[in-house]
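Written below as structure tokens is the structure these notes are about.
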Amino acid sequence: MAVTESETQAAAASPEPKPAKMRGRGVCVYYGDKQALFDVDIDVVEKQVTSLIGPSGCGKSTFLRCLNRMNDVIDTCSVTGSITLDTGDIYDKSVDVVQLRARVGMVFQKPNPFPKSIFENVAYGPRIHGLAKDKTDLDRIVESSLRRASIWEEVKDRLDQPGTGLSGGQQQRLCIARAIAVEPEVILMDEPCSALDPIATAKIEELIHELRENFTIAIVTHSMQQAARVSQKTAFFHLGNLIEYGETEELFTNPKHEKTQGYITGRFG
């Protein structure tokens with residue numbers, strides 16, 4: 001069958017879908033005898049932002065922590081199923097968890113700068129991972145990371161001062177600079193704006209837009225407005241189940257599941 005000119009133009013206009021950077025299949029999480037996640041299948045698409053939304057206690061943060069094995073630090077926690085980064089299973093016994101967390105960085109809900117100078121907060125990761133050849137190289141990495149986190153102009157004249165002396169929004173951007181200093185491939189964000197005021201939140205959201213040009217991002221948020229603003233893909237969790245996953249605009253304007261509809265219209269949650 002001949003391809004019409006309009007079909008050719010339509011194909012050219014619609015870009016190839018981006019591949020999954022991380023992929024979860026049949027992921028279950030248990031805390032002792034209590035099951036917290038049930039057979040979650042989800043793709044975290046390369047160089048896009050994937051939002052995880054849902055009511056408190058629905059499993060979204062639990063799933064996020066599976067993506068860089070932060071749940072390993074909880075003695076009673078066990079994970080089954082498969083989670084891959086590119087093509088490698090991150091739960092394989094041969095995986096070095098320290099190296100995994102360099103590839104899959106994390107920014108937490110509450111800003112947690114080290115009790116060190118602003119410079120040392122950012123320099124710490126590159127130094128322990130051997131990413132800097134000398135002091136000049138380390139200086140370059142620190143400046144570049146702070147610039148990419150949109151905080152360089154605010155701190156360049158006080159790099160020797162404690163990171164804990166910054167405002168909440170500045171501390172969170174410092175923590176983002178610290179995460180990207182080791183050149184991760186994926187950045188996980190667990191409610192990164194929940195402790196911030198609207199102005200600081202807007203700066204973090206603007207930063208997320210810029211970062212997705214170079215990084216794959218997964219973010220847990222309680223704010224559906226934030227999910228709609230920053231993400232290209234959204235996953236809705238409820239009671240440990242992934243109810244719906246798809247294009248953000250589609251999920252918010254034409255949800256396929258009645259539970260998704262109920263949550264985004266405020267009928268529960």
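Things worth noting here:
- All helices (runs of 4 or more DSSP H) inside the stretch 127-203 with 3 or more residues being of a type in the set (Lys, Arg): 135-148
Results for (1) of a type in the set (Gly, Ala, Ser); (2) surrounded by 21 or more Cβ atoms within 10 Å (Cβ to Cβ); (3) under 18 Å from the mean Cα position of the chain (by Cα); (4) under 19 Å from His129 (Cα atoms), shown as yes or no for each residue.
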{"site": "Thr62", "(1), (2), (3), (4)": "no, yes, yes, no"}
{"site": "Cys77", "(1), (2), (3), (4)": "no, no, no, no"}
{"site": "Asp92", "(1), (2), (3), (4)": "no, no, no, no"}
{"site": "Asp96", "(1), (2), (3), (4)": "no, no, no, yes"}
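- Any hit, the stretch 32-55, residues being hydroxyl-bearing (Ser, Thr, Tyr) and over 18 Å from the mean Cα position of the chain (by Cα): no
- Taken together, the criteria place Pro115 among residues that are within 20 Å of Ala177 (Cα to Cα), assigned to a loop (DSSP other than H, G, I, E, B) and either touching a strand residue (DSSP E or B) at 6+ places or on another chain (Cβ under 9 Å) or touching a residue at least 40 places away in the same chain (Cβ under 8 Å) (or both).
- Test: residue in the stretch 2-16 that is on the phi < 0 side of the Ramachandran plot and either modelled with pLDDT of 95 or more or surrounded by 14 or more Cβ atoms within 10 Å (Cβ to Cβ) (or both): no
- Within the stretch 52-107, tally of residues that are farther than 25 Å from Asn241 by Cβ and in contact with a Pro (Cβ under 8 Å, 6 or more places away or on another chain): 4
- Inspection of the stretch 129-145 finds no residue satisfying the criterion of being among the acidic types (Asp, Glu) and touching a strand residue (DSSP E or B) at 6+ places or on another chain (Cβ under 7 Å).
- Unique match (being hydrophobic (A, V, I, L, M, F, W, C), in contact with a Lys or Arg (Cβ under 9 Å, 6 or more places away or on another chain) and either more than 16 Å from Asn241 (Cβ to Cβ) or surrounded by fewer than 22 Cβ atoms within 10 Å (Cβ to Cβ) (or both)) among Val40, Val45: Val45
- Hits in the stretch 213-242 (condition: outside any loop (DSSP other than H, G, I, E, B) and free of Cβ contacts under 8 Å to residues at least 40 places away in the same chain): Gln225, Ala228, Arg229
- Residue pairs whose Cβ atoms lie under 9 Å apart, sitting 6 or more positions apart in sequence or on different chains, and linking a residue in the stretch 73-90 that is over 15 Å from Gly32 (Cβ atoms) to a partner that is in a loop (DSSP other than H, G, I, E, B) and basic (Lys, Arg), are Ile83/Arg69; Ile90/Arg69.
The values are calculated or read from the model by the stated rules, or taken from the named source; none is laboratory data. If you're wondering where the values come from, they're calculated on a predicted model, not measured in any experiment. In this analysis, Cβ positions are derived from the backbone assuming ideal geometry, glycine residues included, and neighbour counts consider all displayed protein chains.
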